[in-house]
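A quick write-up on the structure given underneath.
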Amino acid sequence: MKTLVLPALLLLPLLAGCSDDDNDVTGPDGARMYHQVQRLGNPLVSEVFLAKRSHPTHGATGPAQDVAQIGAELRNFVLTVAGRNQTVANTLQAVLLPDMLIVQTNKAPGSAGWLSWALADGWGGRTLADDVVDAGLMAVFGPLLDPDNVSPGLATDNVASDSQFQATFPYLGNPN
């Protein structure tokens, strides 16, 4: 008898939680509030274009506020620090804001690459071999957007990839 009592006691809470009421809803409460601590859709935006004092504002707001809250600061960096013209500043703002990663899966897989979704009609995202630092520097300081207004010495970080990518999962080679 004792051997049946213990399993019955263990099953009791499980059975008590069951219901055939069709109005039961499982999952998070729709009224639940979350506190966004940080976001970093495109590291180039906050780590290069924005002053350190702007990071908390950028991290605490959503992409819908980006153009209004950080658009002027991004354009100002491109115009003054990078010494580029207004067309380049406006293009970079249009491409980089709102600060979120966009992946368009209806595009050719061969067009994958960071910034390619906006600049080369690609599907966005990032491939393992993408050098996002060089791509960002090339967009800001190189001839990509204006061949007549460049700072060649700043268009690369001169750091080559030392990763050996594999053809099968997990795709990454051994750590260096």
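Here are the numbers:
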| read-out | value |
| --- | --- |
| Qualifying positions in segment 57-83 - more than 18 Å from residue 140 (Cα to Cα), outside any loop (DSSP other than H, G, I, E, B) and hydroxyl-bearing (Ser, Thr, Tyr) | 57 |
| Which listed residue is out of contact with any Asp or Glu (no Cβ under 8 Å at 6 or more places or on another chain) and modelled with pLDDT under 85, from 109, 143 | 109 |
| Hits in segment 55-81 - residues which are touching a Pro at 6+ places or on another chain (Cβ under 9 Å) and loosely packed, with under 13 Cβ neighbours inside 10 Å | 62, 63, 64 |
| Any hit, segment 140-152, residues being surrounded by fewer than 12 Cβ atoms within 10 Å (Cβ to Cβ) and not in a loop (DSSP other than H, G, I, E, B) | yes |
| Members of segment 153-176 found to be part of a helix (DSSP H, G or I) and of a type outside the set (Gly, Ala, Ser), listed by number | 154 |
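The values are calculated or read from the model by the stated rules, or taken from the named source; none is laboratory data. As the structure is a computational prediction, the values presented were derived from the model and not from experiment. Reconstructed Cβ throughout: ideal geometry from the backbone, glycine too, with neighbour counts over all protein chains shown.
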